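Read-outs throughout are calculated quantities, based only on the coordinates presented, and are distinct from any laboratory measurement. Not measured: the values here are computed from a predicted model. Glycine also receives a Cβ, built like all others from the backbone with ideal geometry; neighbour counts cover every protein chain displayed.
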Protein chains: 2
Amino acid sequence: MKPDELRLASGVLLTDQYQLTMAQLYYRMGIHETRAQFDHFFRSNPDYGVHHAGYCVNAGLESLIDWLDEAVFGQEEIDTLRSQRSSRGEQLFADDFLNWLQNQFSAKAINLYAVPEGRVIHPNVPIHVVEGPLAIGQIIETGLLNTVNYQILIATKAARVKQSSQGQVLMEFGLRRAQGLGAISGTRAALIGGADFSSNVGTSAVLGFPPKGTHAHSMVQVFMGMGAGELEAFQAYADIYPDDCLLLVDTIDTLESGVPHAIKVFEGLRRKGHQPIGIRLDSGDLAHLSIKAAKMLDDAGFPDTVIVLSNDLDELVIWQIVTQVQEEAAWYGVDPDSLIKRMVYGVGTSLITSAGKAALDGVYKLVAINQDNEWIPTLKISENVDKTLNPGNKRVWRIYDDRGKATADLISLQGEEIENHSPLELRHPSMASKRRSLKESETTWVEKLLVPVIKDGEVVNDQPGIHEMRDLLKKDVDALDPGVRRLMNPHIYHVSITPKLWDLKQALIKKARVENAEPKSS
Amino acid sequence: MKPDELRLASGVLLTDQYQLTMAQLYYRMGIHETRAQFDHFFRSNPDYGVHHAGYCVNAGLESLIDWLDEAVFGQEEIDTLRSQRSSRGEQLFADDFLNWLQNQFSAKAINLYAVPEGRVIHPNVPIHVVEGPLAIGQIIETGLLNTVNYQILIATKAARVKQSSQGQVLMEFGLRRAQGLGAISGTRAALIGGADFSSNVGTSAVLGFPPKGTHAHSMVQVFMGMGAGELEAFQAYADIYPDDCLLLVDTIDTLESGVPHAIKVFEGLRRKGHQPIGIRLDSGDLAHLSIKAAKMLDDAGFPDTVIVLSNDLDELVIWQIVTQVQEEAAWYGVDPDSLIKRMVYGVGTSLITSAGKAALDGVYKLVAINQDNEWIPTLKISENVDKTLNPGNKRVWRIYDDRGKATADLISLQGEEIENHSPLELRHPSMASKRRSLKESETTWVEKLLVPVIKDGEVVNDQPGIHEMRDLLKKDVDALDPGVRRLMNPHIYHVSITPKLWDLKQALIKKARVENAEPKSS
């Protein structure tokens, strides 16, 4: 798309058609400015197939704020909507409604509460809560979901990959396999969740990170095509980047050609007082080749060089590599722990697409509507009881146990006393028999998770930087039970509701069925 | 991101760091303007798990051209690169190189050949071929891959979903689950590959399609929250959109509440001379509910209303729905074929993320470099012989058999006589024993697949519109053997190389190993 077209497609019209038809209906009925509350939450942790996540990592809020800033109905947006036609060929959106959009609509004329970026989050817990005029809350739904669902998904995947690497440096390499410009927010989310750096030059620059990279096979091919070889290619690279010399050694044959050539070049660098960085392996049995290459580098006196691994890595592949190194390295005279500590991982496709589960099932649901200054909770019943909404104006709390570990997230109604309440009664959101009571001695801290972000159109708090988000994440992950952190088959973290919310939900379900299910006799 | 930041991140710096470090190396060696040729191709059809594609659909070229137009090193880009530091804290990119980027670099100073968008494409066949200055070809690699890989992936998925729906209307609903702004190109690709419409308002407008949608559960919830009910909500919608009345019937109970309420409203519309559009089902057993709902609509005299289905659909789910309707409808007095013909599918997550396989393994490889006006083929050997490149300047041909069906794509070297050659000798790209000979009587047509798109910096052909692309696709799909089109376990379409290319490849493999694999003795 041309820049103007991209601007039109990425602004307030980054929305689903039905948001606008519903908004016009509310306008026509005079309830477009009635206050309403919408909750954003996700239903389940990503299930990647043979493994699934035990928790998610929040990301996307600052991007959402930026989008809200740009989400305005200017002349071009209005002209676009005015040109839409009904099935009978009439103007679909009437001029008075368009006039309201152009002159009265402000995407930020809401109150927004959110869990901060970087925090560990769990299914069914409201992450973003929008309270504001009904038509505005509806129109911004799609943009909100588009912005935050994907970033949560990728931050979560990055946290898993980082975890499997045992804290080694992780580089995000996914730009070429991402969903077009989605790569920009994907890179951001990866940097929040676990990637230390990215190869993505522009996005890294905007976010204040140095981009990282080595060289490609094509560089060696160029030299070969011009009658030289791999050694000359490596030498040329070392000459130009003597202090950043990281060589890709698998263009021809990793152990027979690439590593010996790299060592030769490294020796030259050392003679000139430079410290070579290391090598990159991009094909073959990466664990085995790492061991053999490490041995060769050690023997040549380069035990401090790193070994960068890439090629379709994900959390399980990295875990397998680490395990194989632990089992196999000693046979070749290599210390496995030292080798694991010199490894660096470049992860592309699997990270930027969240391979195995390419979407978070995040939803945005109307939970309350204000009438005569009273909040009326609303419900959406589902055949699947787990999908029936938690209605009403709610608050979200994290309960820490006597070990200081997070033991449950608790959803209450507004105004309920939680912080000083003892014992705390926790109910499963849909199963009547599942309940739990926490005595005062069993809890050390009750933490409020949602913080105000936008208040009556103004952003009320500075957003944390990515380094601060990483600190929040580390703290939250440390507070998880190790079973919840586990990569495979994790424990289920408790997300509970209060008895009061339970009672409200059940009453509403009953009421909805009675009032609506008798149309045949009416 | 702010608009300025987004511009920086989505322009020429939408690239991987190593492209720039390599480009500077070529600049320093004085070979940055040496002509080189790069091929873009993908290695395998998407494998979604229990099913995989038998062919892909090309998409993304026009978006690529638009990106190349914007890929310039302006002052901000140059300042960004100038601020990068080496490990020793020195300026990483030297001023003379930055000066070249700012004043001499033009992303379109290349010759670009491409397979047109909408055409059926196969693994290992060059889809985009870039011939131009080495440093330019390298710097645009990432942007090219980012733009076209994802669009091919989604156009392919859309074609499969459309196929499983037996040609019924398909609506793309994925905006809220896409990778941020990646949704824009995803919607475009879906419209090329099989979606008739999209809910995405902005992108639909830019591409000239009317956006589509119904209403959400939240609209019914609003009415319930305000003391009214589903019937009142439906009535309000019908009042405002009398000629576009499509009602979501599963907020409370599909068969007990939603459908009866919809029928009541439709009766009112009919009395006023309007034709109701239909209903949407978004939960439960969609096949069974469709049959029961169809029966109720038929009995009420609305046999022409459509039934829109949504809720985690993909090609297999739709196939299963159609099959179940065929088996079950008659029991309830509903004609299965009529029901199948009134169905419309709204597909979100699975389409926009290509669920099961969220990335195309598209690559961009250096295949030749020009020295003294002679093209020298280049090679990248792989441990996996299937991944060893097809080297050199090549041409791509599609061979049609005596039934008019496409029987193979053939990759030749430039200058080889193919169109009037008989018999045609076809070799497998890597397996010596696999070969095939086609007599003149066995072929009806040999078609050149790559067409010139950019010649010396100028776009030489108008790009087809999306409707034309759909025509190309239909023609190509019709020319596929039904076994190749099959959704499950498709036949493998032959992609072959000429004996001359086979010989060149083998000679280069041998040469590379001999020249480079003796470093220990040197």
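By definition, a body whose alpha carbon gyration tensor gives a ≥ b ≥ c is oblate when a/c is 1.5 or more and a/b is not larger than b/c, and segment B:159-352 fits this oblate description.
Relative contact order for segment A:214-352: 20 percent, from Cα pairs under 8 Å spaced at least 6 residues apart, divided by residue count. Between 0 and 90 degrees, rounded to the nearest ten: what's the tilt of helix B:230-240 against the longest Cα principal axis of chain B? That works out to roughly 70 degrees. Residue separation of B:ASP304 and B:ASP47 scaled by 0.36 nm, minus their Cα-Cα distance, works out to 88.7 nm of gained length. Excluding same-chain neighbours fewer than eight residues apart, the aspartates and glutamates reachable from A:LYS510 by a Cα-Cα span under 17 Å are A:GLU383, A:ASP386, A:GLU518, B:GLU230, B:ASP250, B:ASP253, B:GLU256.
Can you give the relative contact order of chain B as a percent, counting alpha carbon pairs under 8 Å and 6+ residues apart?
Working: 986 pairs, mean separation 100.9, N = 522.
Normalised by residue count, the contact order of chain B is 19 percent.
Principal-axis analysis of the Cα atoms of chain A puts helix A:499-516 at an angle of about 60° to the longest axis. Structure shown: which of B:LYS108/B:LYS434; B:LYS157/B:LYS387; A:LYS474/B:LYS387; A:LYS365/B:LYS157; B:LYS394/B:LYS434; A:LYS212/B:LYS162 lie over 31 Å apart, alpha-carbon to alpha-carbon? Long pairs (Cα-Cα over 31 Å): B:LYS108/B:LYS434; A:LYS474/B:LYS387; A:LYS212/B:LYS162.
Order of A:VAL484, A:VAL50, B:VAL129 from fewest to most other C-beta atoms within 10 Å?
On the way: A:VAL484 21, A:VAL50 9, B:VAL129 25.
So the residues, fewest neighbours to most, are A:VAL50, A:VAL484, B:VAL129.
Peptide A:250-260 has a mean of 5 when you count, residue by residue, the C-beta atoms of other protein chains within 10 Å of its C-beta. Let me spell out the model: positive unit charges on the Cβ of Lys and Arg, negative unit charges on the Cβ of Asp and Glu, origin at the Cα centre of the protein assembly as shown. What dipole size does that give, in debye rounded to 20? That gives the protein assembly as shown a dipole magnitude of about 1540 debye. Charging the Cβ of each Asp and Glu at -1 and of each Lys and Arg at +1, and nothing else, the dipole of chain A about its Cα centre rounds to 1200 debye.
Ranked from shortest, the separations from the 7 Å Cα-to-Cβ label point of B:ARG82 to its equivalents in the other copies are 4.6 nm.
Ordering B:THR203, A:PHE266, A:VAL129 by Cα displacement along the dipole of the protein assembly as shown toward the positive end leaves A:PHE266 in first place; charges were set at the Cβ atoms of Lys, Arg (+1) and Asp, Glu (-1). Counting from the shortest, the label point at B:TRP445, 7 Å from Cα toward Cβ, is 7.1 nm from the same position in each remaining copy. Averaged over residues, the count of other Cβ atoms within 10 Å places the peptides B:104-116, A:142-154 in the sequence A:142-154, B:104-116, highest first. Return one number: the angle in degrees, 0 to 90 and rounded to the nearest 10, between the long axis of the Cα atoms of helix A:141-164 and the longest principal axis of the Cα atoms of chain A. The answer is roughly 40 degrees.
Take each residue of peptide B:357-365, count the partner chain Cβ atoms within 10 Å of its Cβ, and average: the result is 5. Mean partner shielding of peptide A:189-201, defined as the number of other chain Cβ atoms within 10 Å of each residue Cβ, is 3. A dipole drawn for the protein assembly as shown from +1 and -1 charges on Cβ atoms has a positive end, and of A:GLN17, B:MET343, A:HIS32 the residue lying farthest that way is B:MET343. Rounded to two decimals, the Cα-based Rg/Rh of the protein assembly as shown, with Kirkwood Rh, is 0.98. Exposed loop sites, defined as GluC sites (Glu not before Pro) outside DSSP H, G, I, E and B with at most 14 other Cβ atoms within 10 Å, are absent from the longest region of chain B, namely B:91-382. For the pair A:VAL514 and B:GLU76, a Förster radius of 60 Å applied to the C-beta separation gives a FRET efficiency near 0.45, rounded to the nearest 0.05. Arranged from fewest to most other beta-carbon atoms within 10 Å of their beta carbon, A:MET488, A:MET469 become A:MET488, A:MET469.
Among all the aspartates and glutamates, which ones have a C-alpha under 13 Å from B:LYS455's C-alpha, if same-chain residues fewer than 8 places away are not counted? Reachable aspartates and glutamates: B:GLU131. Electrostatic bookkeeping for B:SER86 treats Lys and Arg as +1 and Asp and Glu as -1; over the other residues with beta carbon under 11 Å from its beta carbon, the sum is -1. Among A:LYS455, B:LYS439, B:LYS264, sorting on how many other beta-carbon atoms sit within 10 Å of each Cβ, with the fewest leading, yields B:LYS439, A:LYS455, B:LYS264.
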